[in-house]
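The next block holds one structure in the form of structure tokens; read it before the comments.
The values are calculated or read from the model by the stated rules, or taken from the named source; none is laboratory data. None of the values given here were measured: they were computed from a predicted structure. Because the Cβ atoms are built from the backbone with ideal geometry, glycine has one as well, and the counts that use them run over all protein chains shown.
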Amino acid sequence: MILFPAIDLKDGLAVRLEQGDMDRATVFSRDPASQAAEFETLGFRYLHLVDLNGAFAGHPVNAAAVDRILETVSIPVQLGGGIRDHATIEAWLEKGVTRVILGTAAVRDPELVKEAAKAHPGRVAVGLDARDGRVAVQGWAESSDVSVEDIARRFEDAGVAAIIFTDITRD
């Protein structure tokens, strides 16, 4: 089993949201790169990052913070939040992100996920954030009518590296 410490980025800071509410964020670190380095020092072998602003905006927002983390750690980094097109996928992979996580795109543009997984074997994951068994999109701001099981089955044979599930009623 591999444990993934997570750093959620909001306005360049490491935070935790209460059930996806951007107005209810607790700041854990004003220096996310330092937090990432600490996780690496503690022996973690992988790092999970989420650009929360990006998840809501639909495009990367905390790129500077992610770049600093990539420059600071040597462990593999997976990143989600605001990754919804080929250009963004390519840009993050070229910058050194090991694996991109596609959440909203998995619901709204499943062909993008399949194409990206085929083009980048082992480097594309699907992120399923769910409330009451339904997948939430747009940074948890909207609930879809699609069940977690249906989305997971949709990508079962698509070549994705992983399906990452979060029960947002508990997060």
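Descriptive notes on the structure:
- Where a residue in the stretch 76-91 is under 15 Å from K10 (Cα atoms) and its partner, wherever it lies, is among the charged types (D, E, K, R) and not in a helix (DSSP H, G or I), with Cβ under 6 Å and at least six apart: G81/D51; G82/D51
- Here K118 fulfils each of the conditions (1) surrounded by fewer than 20 Cβ atoms within 10 Å (Cβ to Cβ); (2) part of a helix (DSSP H, G or I); (3) within 12 Å of the chain's Cα centre (by Cα); (4) not acidic (D, E) apart from (3).
Okay, residues lined up against (1) modelled with pLDDT of 95 or more; (2) assigned to a helix (DSSP H, G or I); (3) within 24 Å of L128 (Cβ to Cβ); (4) in contact with a Cys (Cβ under 6 Å, 6 or more places away or on another chain):
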{"site": "M1", "(1), (2), (3), (4)": "no, no, yes, no"}
{"site": "F4", "(1), (2), (3), (4)": "no, no, yes, no"}
{"site": "I7", "(1), (2), (3), (4)": "yes, no, yes, no"}
{"site": "G43", "(1), (2), (3), (4)": "yes, no, no, no"}
{"site": "H48", "(1), (2), (3), (4)": "yes, no, yes, no"}
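- Output for the stretch 95-105, where each listed residue is farther than 9 Å from R84 by Cα and outside any strand (DSSP E or B): K95, G96, V97, T98
- Pairs meeting the criteria (first residue in the stretch 129-155 and over 18 Å from I101 (Cα atoms), second residue at pLDDT 75 or above and among the hydroxyl-bearing types (S, T, Y), beta carbons under 6 Å, at least 6 apart or on different chains) are G133/S147.
- The set of residues in the stretch 9-25 that are farther than 14 Å from R68 by Cα and in contact with a Leu (Cβ under 8 Å, 6 or more places away or on another chain) comprises K10, V15, L17, M22, R24, A25.
- Taking the stretch 64-76 as the range and being in contact with a strand residue (DSSP E or B) (Cβ under 8 Å, 6 or more places away or on another chain) and in a helix (DSSP H, G or I) as the test, the residues that pass are A65, V66, I69, L70.
- Residues in the stretch 9-41 that are outside any strand (DSSP E or B), in contact (Cβ under 8 Å) with a residue 60 or more places away in the chain and either surrounded by 17 or more Cβ atoms within 10 Å (Cβ to Cβ) or touching a Lys or Arg at 6+ places or on another chain (Cβ under 6 Å) (or both): G20 only.
- Hits in the stretch 67-102 (condition: within 17 Å of L47 (Cα to Cα), out of contact with any helix residue (DSSP H, G or I) (no Cβ under 8 Å at 6 or more places or on another chain) and among the β-branched types (V, I, T)): T98, I101
- Residues (under 19 Å from Y46 (Cα atoms) and among the small types (G, A, S)) located in the stretch 103-133: G122, A125, G127
- Residues being under 16 Å from V137 (Cβ atoms) and more than 10 Å from the chain's Cα centre (by Cα) - total across the stretch 62-87: 2
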